[in-house]
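The values are calculated or read from the model by the stated rules, or taken from the named source; none is laboratory data. Please read all numbers here as calculations on a predicted model, not as lab measurements. Note that each Cβ is placed from the backbone with ideal geometry, even for glycine, and that neighbours are counted across all protein chains shown.
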Amino acid sequence: MQRGFAQDVPQSRIVVRSEVQPQRIMLRWAASDASAWQLLNRYGVQLERLTVARDGIALDEPELRVLASDLRPRESDELKRLAQQHDMAAVVAQGIFGDSFEVSMGSNPVARAIARSKEEQQRFVFSLYAADLCFPMAVAVGWGWVDTTVRANERYLYRVVPLVPSELYHIEPGAALVVPTELTRLVPPIGLSAQFGEAGAMLSWDFASLQHLYCAYMVERSLDGQSFAPVSQQPITQIANAALSPDAPATFVDSLPQGQTVHYRLVGITPFGSRSQPSAVVSGMAASTLKQPPAFVQATPDAHGGAMLEWQFPVADQQFISGFSLLRSTNNKHYAPAVQGLPAHQRSFHVEQLGQHIYYKVEAQLKQGGAVQSLPVLVQPIDSTPPAVPRGLQAYIDTLGAVHLSWQPNADPDLLGYRLYRTHAHGQPLVVMNDTAIRSTHFVDSIQLNNLNHKMFYAIAALDQRYNQSALSAVVEVLKPNTIPPPPPLIVRGTTADNANTIAWAMAADPYLSGFEVWRQAGSAESELIARLTNPADTAYTDRQIKPATRYTYWLVAYSTSGLRSPQSAPYALTTAMATAKKSAARLHLDALRQGIAIRWSTTLDSPTIYLYKHDASGTRRLYREGLPAKGEILDTDVRLGQPNRYMLLVKSKGHKPITIVKSIEL
């Protein structure tokens, strides 16, 4: 069972897990504590799917689809059928709907851990554990879902929203981001080991490292190393010790008769019922244990390609063994006998020719059957001269994402093969790609084209039969085919002056960038393409085809060498200033007459609005006439003698700044 479903957390929430299989996505969720679990069983949840990206491009507005509006446990014929067919389904039904819930499993550690809890906690913990082992029942009670409406070119965010009233109890919703093309990879279980004693075997394995994949394991046993069968009807999990030591290994004890070799392996089980490939096999026999296994004390290579191997073993334990064997390997994985039938008193052996077998173990053969092996020893031949650095490495990437690499062959007589290295970013450490040496001079790598890395970097090294490795070759940089549109530019500044508008922008680095399109809209008119820039280094453009007192909106589109276009940038608006009219465009003339002052005016501006102001004796300016024609004359008879008579002409016209002319005359 997943540890996160049952442990105490500071705030109630919904935990969501997913498993991606071909053409479907499987979901499981659970409350983080017993109180939230009971309320969710009563009120239910709503399952939502948000499509956040399509064809590698994030959507501006995620597309919401409600997959189920009310998921919660309900008694039905389907639940009854599942409870009759599956033991764990019956446990789930009893935990949710039963009048009472009592668990009695003897002295099993899991049972002891659950029995110490209250009945509410028992229902919560044990029903979730049972649902982890019966996914159809989890779906039937509204704790799981299988989405078969997925599309390979989309990316989804699943949300599990509680329907519990917030004023009653607050529960944080759960979410999971899922990519339909990234299938869940079920790796074999790791870390399986076995300790064999007189009564049987104790198995242990790494539970914490793969708990994001597996909630339980099946332990399988074989007597011939070929046909394996489960040792128990129900899978084995880790609940009792999880809170005390989260990183503690899972354990299982199996009783065995003495004198018979037994083989064990593990199969991981996900909360969705999927099973992993078996783990590596461990073997042994229940028999009188040795005080200590044999151990190498020295391995001395000689100048002829051989080595003297020496080991130690307690003399008191010689009575339990029939003799020793030497095992050898080229890769510290698969060992084969090199020498057998060495007497129990022997403690050394000379290997005439190591060849490619540089890993050795010494194995003590037990009289009752079985064997005990030492830890491996690495015997390095005296030859420590690495081969030459490979030359002529070349690479290109086709439109399907296959990287074709080739290089010139090395001429070293003891050449074993080559190791390839790669990285996704310049300056980052190179990572080896192959464990087994490549014997040919070409290799095909596979990469993802639709990501943000535009280039790949490769290097190669040669390896000889003594596993001496050359220095890395020069790094080869290879550009991916262009399949992703460039990002949109960002207009960062705009200015208007001297009858011209200028916009400046910033652009993210893109090796495929070819240029920009500049678009403009004047007022409410139709938008138009006003420039196509072919220099990807351009960061500004000046528009000189503008009119005064007009609002212009600009935006940009970037395009790549393969013709892919970015989304349009955010718009940027500029308003041009009104044109400055020359004072000569309007005239004001005053003449002193016997009857008064003759005021004459004229203007060459189109559709002007003209006002005439007069200053009184206190100097205050007052409106004298308005709505005057473009040209005219007025006789002012109300004048002041011996004092200045001051007038101001104000001319306004659309698209021009106002013109003001002030004149005075004294009679």
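Before moving on, here are some points about what is shown:
- Only residues that are without any contact (Cβ under 8 Å) to a residue 24 or more places away in the chain, within 40 Å of the chain's Cα centre (by Cα) and on the phi < 0 side of the Ramachandran plot were counted in the range 537-570, giving 2.
Each row is one residue, and each column tells you yes or no for (1) farther than 28 Å from PRO257 by Cα; (2) hydroxyl-bearing (Ser, Thr, Tyr); (3) touching a His at 6+ places or on another chain (Cβ under 6 Å).
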residue	(1), (2), (3)
GLN340	no, no, no
HIS357	yes, no, no
TYR360	yes, yes, no
GLN365	no, no, no
VAL389	yes, no, no
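- Residue check for ASP302: over 19 Å from LEU378 (Cβ atoms), of a type outside the set (Phe, Trp, Tyr) and either touching a residue at least 24 places away in the same chain (Cβ under 8 Å) or exposed (fewer than 13 other Cβ atoms within 10 Å of the Cβ) (or both): no
- Just one of (1) surrounded by fewer than 19 Cβ atoms within 10 Å (Cβ to Cβ); (2) assigned by TED's automatic domain parsing to the domain that holds LEU82 fails for ALA131. It is (1).
- Index of the failed condition, PRO487 passing every other in (1) part of a loop (DSSP other than H, G, I, E, B); (2) buried (at least 19 other Cβ atoms within 10 Å of the Cβ); (3) modelled with pLDDT of 85 or more: (2)
- Residue within the range 129-147 that is within 21 Å of the chain's Cα centre (by Cα) and over 30 Å from ASP60 (Cα atoms) present: no
- Criterion applied to ILE190, ILE171 was being farther than 30 Å from VAL52 by Cα, of a type in the set (A, V, I, L, M) and in contact with a strand residue (DSSP E or B) (Cβ under 9 Å, 6 or more places away or on another chain), and the one residue passing it is ILE190.
- Residues that are within 16 Å of VAL492 (Cβ to Cβ) and among the charged types (D, E, K, R), drawn from the range 530-548: ASP538
- Residue within the range 280-290 that is of a type outside the set (S, T, N, Q), within 19 Å of GLY191 (Cβ to Cβ), surrounded by 18 or more Cβ atoms within 10 Å (Cβ to Cβ) and at pLDDT below 90 present: yes
- The residue that is nearest to LEU588 (Cα to Cα), among those in the range 604-640 that are in contact with a Gly (Cβ under 6 Å, 6 or more places away or on another chain) and among the aliphatic types (A, V, I, L, M), is LEU635.
- Contacts under 7 angstrom Cβ, first residue in the range 64-89 being closer than 25 Å to VAL150 by Cα, partner aromatic (Phe, Trp, Tyr) and assigned to a strand (DSSP E or B), 6 or more apart: LEU67/TRP145; ALA68/TRP145
- Flag for TRP555 being in a strand (DSSP E or B) and under 17 Å from TRP519 (Cα atoms): yes
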